[in-house]
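The values are calculated or read from the model by the stated rules, or taken from the named source; none is laboratory data. Only a predicted model underlies this, so the values are computations on that prediction, with no experimental measurement involved. FYI the Cβ positions are ideal-geometry reconstructions off the backbone, even for glycines, and counts take in every protein chain you see. These accessible areas exclude ligands, DNA and RNA; they are computed on the full protein's heavy atoms, side chains included. Shrake-Rupley method; radii C 1.70, N 1.55, O 1.52, S 1.80 Å.
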Amino acid sequence: MFEKVLIANRGEIAVRIIRSLRDMGITSVAVYAVNEKNALHVALADEAVCIGPEPLSESYLKVPNILSAAEITGADAVHPGYGLLAENPDFAEACIQSGFVFIGPQPEIIASLGDKIKARHVAKKVGVPVVPGSEGPVKDEREVRNIADELGYPLILKAAHGGGGRGMKLVTSPGSLSSAFQLAQVEAEAAFGSGEIFVEKYFEPARHIEVQVFGDGKGGVICLGDRDCSVQRRNQKIVEEAPAPFLSWEVRKRIWNDAVKLAAHLKYLNAGTVEFLVDEEGNHYFLEMNTRIQVEHPVTEIITGTDIVKAQVLIAANEDPGISSLDEPPNVHALECRINAEDPYSFAPSPGVVEDFHFPGGPYVRVDTALLRNQMVSPVYDPLLAKVITWGENREQAIERMKRALAETRVSGVKINVPFLLKLLEFQDFVRGPLSTRMVEKVLVS
Ligand code: MV4
């Protein structure tokens, strides 16, 4: 087992990883930018190394600086968290080449699944249904029009090297196709270094259901069930829940089986999330596979009674992860709300200094946060202040407890989205279903 692990991240996920490492008796090494020397993850880690100035590109994204920190502290392994370098295959490879264990999938798997077109090909090859769309990248708008003639509108243009919704362009009519295609190419090139675009039929209404899997790298795969992440705005998840509500056991098993089949075929190593769209008839379609621990992992931990970070570390150390697959619907329901520093009505970012705050607690409530008083909240990093998770024997109980928890939540110095979250939790379509990717816009016009 590792004696020392470096966390190549910051904020709440760095704190989260440090906590599991402490439970495991493993020494934790934090890295921080000069403006974050008083951050919570630095205070909680056993050791900490300053890796550069504030800009992410000069610190948390600077691979040589992170590897040097691992070197001088004598770390055995590196945990990337989520975001930042977590899905950068070159970083994973550099860790391995430098003699550190990368706590995540094989670099070549990160690379292939990071190409959304390759990911679709793999899914198709193993018989997992994918969203109808182009075979490969589309080279010009004539090709898009041919696909539109076949699939109809609306279509969605997606960047091959995007993901998580970044670089998506909806095309609702032939007239808007040309400008959407050109914009998609330019934005993809600028954001991801590749202007490759592919086309999918746009499903609406649909639900975003994702499955948590763990691979042993040899074809063995554990399934920890599903999560519903349909409540998103501009591809930023706001509320996530496990298990996905209003899903029959038959549909649920079909989705789990396809997620396991895909990960097994890849000989996937460590934690992964397979994303699907599910239409009103309960047909599921592969969207993409994420090769990292996700922000919303706590709802899965709550319904399965697992520590996903601990399982990641154990698997990376070639040890038994101590978890087993779900084989029946869980009898717990968990809900997560993201508390963001943003205007609750316009969603405009609300940067500033958090003068004071109070987060909820008590029975059936968990709060994951790295917030400290007088901390600067900058849109450069991210607006996430905290994740509030509640659970109960059923969804209604989890919702009632979430309302109690949010009503207790106070943050002064920046605006927060709690009023929007409370409105959502009262919204009948959210409470009774069906959930859909249009939930946020329906709440806003209600
Ligand atoms: C889609 C889709 C409908 N049709 N693709 C959003 C984030 C990324 N994981 C993929 N996402 C979607 N891809 C096709 N072909 C619907 C979503 C989607 C969504 C879209 C708009 C508004 C909210 C959404 C919430 C979840 C998923």
Filter pass, Thr300 being in contact with a Leu (Cβ under 6 Å, 6 or more places away or on another chain) and at pLDDT 95 or above = yes
Identify all residues within segment 48-72 that are surrounded by 17 or more Cβ atoms within 10 Å (Cβ to Cβ) and touching a strand residue (DSSP E or B) at 6+ places or on another chain (Cβ under 7 Å); write none if there are none.
-> Ala48, Val49, Ile51, Gly52, Ser59, Tyr60, Lys62, Asn65, Ile66, Ala69, Ala70
Return yes when Tyr285 is crowded, with 24+ Cβ neighbours inside 10 Å and hydroxyl-bearing (Ser, Thr, Tyr) and no when it is not.
-> no
The residue that is farthest from the chain's Cα centre (by Cα), considering only those in segment 171-195 that are within 16 Å of Ala148 (Cα to Cα) and not in a helix (DSSP H, G or I), is Ser173
Taking only pairs six or more apart or across chains, which ones have beta-carbon atoms under 7 Å, a first residue in segment 169-189 that is in the same structural domain as Glu143 (by TED's automatic domain parsing) and more than 13 Å from Gly152 (Cα to Cα), and a second residue that is open to solvent by less than 40 Å² (accessible area, probe 1.4 Å) and in a helix (DSSP H, G or I)?
-> Lys169/Ala180; Lys169/Ala184; Phe181/Val144
Single residue of Ala263, Ala206, Ala259, Ala188 found to be more than 16 Å from the ligand (Cβ to nearest atom), among the small types (Gly, Ala, Ser) and more than 15 Å from Pro330 (Cβ to Cβ) | Ala263
